[in-house]
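Working notes, beginning with the structure itself.
Each reported figure results from applying straightforward, stated rules to the coordinates on display, with no laboratory input. Just so it is clear, the structure is predicted and the values come from calculations on it, not from any experiment. FYI the Cβ positions are ideal-geometry reconstructions off the backbone, even for glycines, and counts take in every protein chain you see.
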Amino acid sequence: MRRVPAAVAVLPACMIIVALFGGALVGAVRTSLEPGPAGLAGEVSLDAWRAILTDPAFLDSLLFTSWITLASTAISMIVAVGLAHLIRGRRRALWALFGLPVPVPHLLVAVVVVLWIGPAGVVDRLAGALPFELIRDRAGLGIMLVYVLKEAPFLTLLIVAVWGPEVRAREEAAATMGAGPLQRLRWVVWPRIAAPLSFGSLIVAAFVFGSFEVPLVVGPTYPKTLAVLALDAARTSELDGQARSASILLVTAAVTIVCALLLVRRARADE
Amino acid sequence: MIRRTRPARIGAWAVALAVSVPFVILLLQSFVESWRAPAVLPQRFGLRAWSIVLAEGTAARPALVNSALVALATTTIALFLAWPAARALGESRLRRPTLVVVVMTLPVLVPPYAVGTGLAEWFIRLGLVDSLSALILAHMVYVLPYVFLLLASGFSREVESLEEAARAMGAGTVHRLRFVTIPAIAPSLALAALMGFLVSWGQYGTSLSVGGGIAMLPVVLVPFVQADPPVAAALGSLFLVPAVFALIVASRQDRMN
């Protein structure tokens with residue numbers, strides 16, 4: 001059959017992505033360089049960048065966003081390994097129930113969390129007022145809960161896919177030779193699940209780092225995640241609001257892109 | 001020996017139910033009319049929240065239509081754009097597959113609100129801002145990568161040789177597509193379409209930044225979470241429908257394999 005060369009076949013999809021994604025980055029850079037109140041139109045200025053880098057609210061937000069990213073990703077990974085151990089080899093119906101949060105939008109998980117453990121939520125009524133605040137708390141526990149609920153099942157399914165019968169056979173063999181559960185996890189199971197788990201965790205971490213609608217619904221008023229801080233900046237009446245907003249968003253984009261590229265390089269080095 | 005105990009099985013089902021039941025109860029919560037604290041059960045159920053959601057003149061109805069339209073359009077266009085690329089990747093004809101995959105998937109990891117804000121800068125200049133086309137373009141950044149990867153998982157050298165055989169027997173392009181290619185990749189095609197729809201359906205950051213003036217379901221939903229929880233539950237139930245549908249399709253496909 002006459003075939004379009006592969007390099008030509010990938011062009012439509014790649015060009016659309018490069019144009020839209022590249023265009024978005026260029027657009028954000030351009031917005032971030034627009035002059036503030038003192039500047040003239042058409043002038044390029046670093047004022048917005050200077051303003052956010054010296055703003056304590058930005059630094060708090062960067063720390064807060066990094067904290068919820070690391071914590072939610074780590075907890076999701078641990079929970080996922082436990083859940084995968086619990087459900088592997090069981091019925092498909094069970095998997096389907098587990099998998100329910102996977103296709104559900106993040107926002108909806110946040111709505112469900114508020115309806116259950118928010119003020120006057122279901123848990124409040126069943127157990128009386130909770131002794132601690134989980135929604136709009138300063139540590140970001142509500143945000144973390146949403147991401148663990150949504151992403152732990154996703155990671156679980158990734159792990160279960162590679163934790164098949166042949167791994168179980170090797171676990172059995174290790175067990176008869178006297179390996180305890182932790183040793184089996186470290187030396188038999190981990191080498192199999194490490195690659196999909198770290199790949200999945202990168203995706204999870206990137207989602208949490210850019211989290212926007214979830215903290216809008218369950219996050220504290222201070223500190224804010226970077227994306228929410230950018231929304232606030234864009235909505236102020238100050239003239240440099242748009243430029244500051246774009247600068248903050250470029251920082252979040254840069255962090256996710258650099259992390260992703262580092263991981264790709266490591267993955268290729270491992271090959 | 002490693003034993004799998006009865007408590008472990010009960011535990012597994014308990015966790016599975018704990019994960020899924022809150023989503024089922026969401027629908028119930030949308031019928032709550034009056035629920036004064038500290039009562040454990042609502043005092044009265046009714047259709048108030050749904051009458052607000054379905055009423056003429058509220059943002060909810062256009063939001064539902066817009067979200068569905070944008071998701072359908074984005075997914076359809078993405079399927080056409082991704083088809084040749086997915087084919088080249090699936091048939092291992094690319095010289096540098098990793099590069100193509102990285103270029104195609106990198107945008108998914110970048111926060112949607114950042115991409116949307118950057119695109120809005122252009123859309124304002126082009127007079128596209130606050131239009132359905134702006135939303136479709138912005139959603140495309142997130143939909144196309146998923147559609148591409150899932151579609152590629154359907155194509156293979158085997159499918160290619162089936163097509164060759166059909167051609168040798170005199171089947172034309174349309175017949176090959178209709179009777180060979182599409183049936184052969186049907187599961188991946190269905191999954192790609194479903195995933196594309198879901199990704200667009202759930203977009204919040206991009207929708208807010210490029211289509212601020214257009215009602216989209218997630219954007220309309222957020223303020224209700226605090227202002228009127230039963231209405232949020234009703235909108236949330238509608239928001240949930242495609243995900244449940246996807247799950248049913250995915251688990252049925254799973255059973256067939």
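Across peptide B:237-249, the average count of Cβ atoms from other chains found within 10 Å of a residue's Cβ is 3.
Dipole orientation for the stretch B:66-201: of the candidates B:Ala168, B:Val129, B:Trp83, B:Ala168 has the Cα lying most toward the positive pole (charges on Cβ; Lys, Arg +1; Asp, Glu -1). About the centre of its Cα atoms, the protein assembly as shown shows a dipole size close to 1980 debye [charges on the beta carbon of Lys, Arg (+1) and Asp, Glu (-1) only; nearest 20 debye].
Helical runs (DSSP H, four residues minimum) scored at -39500 (n - 2.57) apiece and divided by the length of chain A put the mean residue ellipticity at 222 nm at -23000 deg cm²/dmol.
With neighbours defined as other Cβ atoms within 10 Å of a residue's Cβ, the residues B:His175, B:His139 order from fewest to most as B:His175, B:His139. Summing charges over neighbours of A:Val10, with a neighbour being any other residue whose Cβ is under 11 Å away from its Cβ, gives +4 when K and R count +1 and D and E count -1.
Rounded to the nearest 20 debye, the dipole size of chain A about its Cα centre is 1280 debye, using +1 on the Cβ of Lys and Arg and -1 on the Cβ of Asp and Glu. Based on Cα contacts under 8 Å between residues 6+ apart, chain B shows a relative contact order of 29 percent.
Applying a DSSP loop filter and a limit of 14 other Cβ atoms within 10 Å to the trypsin sites (Lys or Arg not before Pro) in the stretch A:61-97 leaves A:Arg91. Ordered by the count of other Cβ atoms within 10 Å of each Cβ, fewest first, B:Ile77, A:Ile75 give A:Ile75, B:Ile77.
For B:Glu33, the residues 5 or more places off, or on other chains, whose built amide H falls under 5 Å of its own are B:Arg44, B:Phe45, B:Gly46.
Residue exposure proxy: A:Ser32, B:Ser51, ordered by other Cβ atoms within 10 angstrom of their Cβ from fewest to most, comes out as B:Ser51, A:Ser32. For the stretch A:1-136, relative contact order (Cα pairs under 8 Å, six or more residues apart, normalised by length) works out to 8 percent. Rounded, prolate or oblate: which fits chain A, taking a ≥ b ≥ c as square roots of the Cα gyration tensor eigenvalues, rounded meaning a/c under 1.5, else prolate when a/b beats b/c? Oblate shape, in that a/c is at least 1.5 and b/c is the bigger or equal ratio. Axis angle, to the nearest 10 degrees, between helix A:241-270 and the longest C-alpha principal axis of chain A: 30 degrees. If you run the Gaussian network model on chain B, springs between alpha carbon atoms under 10 Å, then out of B:Val103, B:Val19, B:Val141 the most flexible one is B:Val19.
Comparing B:Leu150, B:Leu17, B:Leu28 in a Gaussian network model of chain B where C-alpha atoms under 10 Å apart are linked, the largest mean-square fluctuation is found at B:Leu17. Seen against the Cα atoms of chain A and their longest principal axis, helix A:226-235 is set at about 30 degrees. When the Cα positions of A:Gly140, A:Trp116, A:Ala267 are compared along the charge dipole of chain A, A:Ala267 comes out farthest toward the positive end, with charges on each C-beta of Lys, Arg, Asp and Glu. Relative to the longest principal axis of the Cα atoms of chain B, the long axis of helix B:97-109 makes an angle of roughly 10 degrees.
Short to long, the 5 Å bins of the Cα pair-distance histogram for the stretch A:31-112 hold 3, 11, 11, 13, 12, 9, 9, 8, 8, 6, 5, 3, 2, 0 percent of all pairs.
Within the stretch B:105-129, which residues have the backbone N less than 18 Å from the label spot 7 Å out from A:Arg265 along Cα→beta-carbon, could you tell me? Label zone hits: B:106. For the residues B:Val32, B:Val100, B:Val143, a GNM of chain B with alpha-carbon springs under 10 Å puts the largest fluctuation on B:Val100. For a test of the definition: using alpha carbon positions, the gyration tensor, and the 1.5 limit on a/c, classify the stretch B:1-107 as rounded, prolate or oblate. It is oblate, given that a/c is not under 1.5 and a/b is not larger than b/c. Per-residue ellipticity at 222 nm from helix content only, as computed over chain B with -39500 (n - 2.57) for each DSSP H run of at least four residues, stands at -25000 deg cm²/dmol.
Farthest toward the positive end of the dipole of the stretch A:55-270, out of A:Ser201, A:Leu216, A:Ala161, is the Cα of A:Ala161, where the dipole comes from beta carbon charges about the Cα centre. Quick check: from the Cα gyration tensor, does chain B come out rounded (a/c under 1.5), prolate or oblate? The shape class here is oblate. With contacts defined as alpha carbon pairs under 8 Å and 6 or more residues apart, what's the relative contact order of the stretch A:55-270 in percent? Result for the stretch A:55-270 is 28 percent.
Placing +1 on the Cβ of every Lys and Arg and -1 on the Cβ of every Asp and Glu, with nothing else charged, gives the stretch B:86-164 a dipole about its Cα centre of roughly 280 debye.
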